[in-house]
Ligand SMILES: Cc1ncc(C[n+]2csc(CCOP(=O)(O)OP(=O)(O)O)c2C)c(N)n1
Ligand SMILES: [Mg+2]
């Protein structure tokens, strides 16, 4: 018996497939190239929330942040040409950060294709090297197939971005075609022989260490890793901007492996005899510019576990390569028999003490007696908010204060507490923080942004106000693109060029958007401003912004500009 399948428009088919795969939110900047999809979204507006952004980088970053937070693809709709080019920063970030994302782009009709028609781009060529998969849907009856594959591809193995182009004539077509089934992400499981090999290596080790990173983690997987680490008294580190994969308050946590790594931790990893890297890609930042492990044969015995076989042995050769998803490997590690009387047990406390010392206020900073001291601000800020508050940021030296001095809550407790781009994309923090607050209105969300970083996507404050996303924004205003100024000072001392900034009045700017705004120039003013900002976001359902005027000389937690020029 054949069931009668009614014809649906392509746009209806697209939105129906998204709903079948569990979509609840999408981000967009509208365009005439995909009007029928907007109309289908209108019809389903009670099931699928549409967030309207002010720039496609904001829409893309918000979708990427959604993907990071949920493990399900973030959805973003943009118009052809200029919309697609604006959104490309989020595709690149989703690629480097291994985040599931699906970007839908309107495309010129097939009657004009390849003529460089108005706003036409060949998306396969444009996104070819920064997306996991790029396709153009040319037949309405194949929409269920393409969208099911997009979900499957974005979420399986090493997660990543998918780009789907939608030609104009496709969107005006119809088809009588059956729906797909909800997708099920696939991940590999570790083999029993691999687990016993890992166990045997651990039993023989003297100075082992665990390095967590990458995507695909769940709260349960983090609980399992925590149990494995605790049962074996293992020191645990997290890779760059994945500091919330392990509760930083636990004695097993010994620091993060990112830009500006604690030199004592670097030495510890270099001299470890066994490194169990779980989920981390072992990319340039995580390996301190490929110096943490010798390339291609590291001194340490490296057990590398990754969800994609393409990352195993890509740069450094492991003694044991395990292709496995995070949930599966974590559950398996938890079930291993703990190593009795582990010889490294005594050194765990020493490694932890090095981490805690690295977090204390640097002596030179104490002596400087700055009127506004970011070390103190970080300490005071996190003393006033719930432990699982989320901290989002983009790129710039301002971010290192949070990375180094804040103790992130672990995902094991249920929520992500860090949202930041391993791609180093400026402008990420503002939209990402807004997406996090929309996703979980009960979580306290703080965005720390530099004066440069903030203005790359600051227009999304309008989105925050519209969506009643009561985020706390903290701007670290040093009047410059400080990171680049720092590099300039190291390489071309005294020749400052192109790195100073003329800023707007950020407090007036916040107020103009309808947010609370306050400026802080001294440590003792922060308490009052923070109290007001927190009570504002607690009650008003609108964002708050605190602008910190900082000393431009204090360029990092490690040095002043003057100290750098003497290097
Ligand atoms: C989209 C993008 N453009 C440029 C850069 C290069 N870049 C890295 S940090 C930085 C300056 C950041 O300035 P700001 O946000 O004020 O932070 P600061 O370093 O002053 O603390 C620049 C320009 C980048 N990482 N991303
Ligand atoms: Mg700056």
*Rough spin-label spacing in nm, given labels placed 7 Å along Cα→Cβ, for residue 299 and residue 273*: 1.4 nm
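Order the peptides 55-68, 198-211 from the highest to the lowest mean number of other Cβ atoms within 10 Å of their residues.
Numbers: 55-68: 30.3, 198-211: 18.4.
Ranked from most to least packed, the peptides come out as 55-68, 198-211.
Calculate the all-directions average of the projected area of the chain's alpha-carbon convex hull, and give it in nm².
On the way: hull surface 111.9 nm².
The directionally averaged projection comes out at 28.0 nm².
Taking 0.36 nm per intervening residue step and subtracting the Cα-Cα distance, what contour gain separates residue 491 from residue 315 on full extension? Intermediate values should be presented prior to the final figure.
Numbers: separation 176, 0.36 × 176 = 63.36 nm, distance 2.86 nm.
Full extension of this stretch gives 60.5 nm more.
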*Peptides 495-501, 235-241, 215-221 ordered by average Cβ neighbours within 10 Å, highest first*: 235-241, 215-221, 495-501
*Please give the calculated 222 nm ellipticity per residue for the chain, where each DSSP H segment of at least 4 residues contributes -39500 (n - 2.57) and the sum is spread over every residue; nearest 500 deg cm²/dmol?*
-11500 deg cm²/dmol
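Taking the beta-carbon count within 10 Å as an exposure proxy, list 264, 468 from fewest neighbours to most.
Details: 264 16, 468 13.
Sorted ascending by nearby Cβ count, the order is 468, 264.
By average Cβ neighbour count within 10 Å, what is the ranking of 43-51, 403-411 from highest down?
Details: 43-51: 14.0, 403-411: 22.9.
Sorting 43-51, 403-411 by mean packing, highest first, produces 403-411, 43-51.
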*Calculate how many DSSP beta bridges within the chain are antiparallel, expressed in % of all such bridges and rounded to the nearest 5.*
5 percent
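Taken together, the values in this text are just the output of simple stated rules run on the coordinates, not laboratory data. Predicted, not measured: the structure shown is a model, and the values here were computed from it. Note that we place each Cβ from the backbone using ideal geometry, even for glycine, and neighbour counts take in every protein chain shown.
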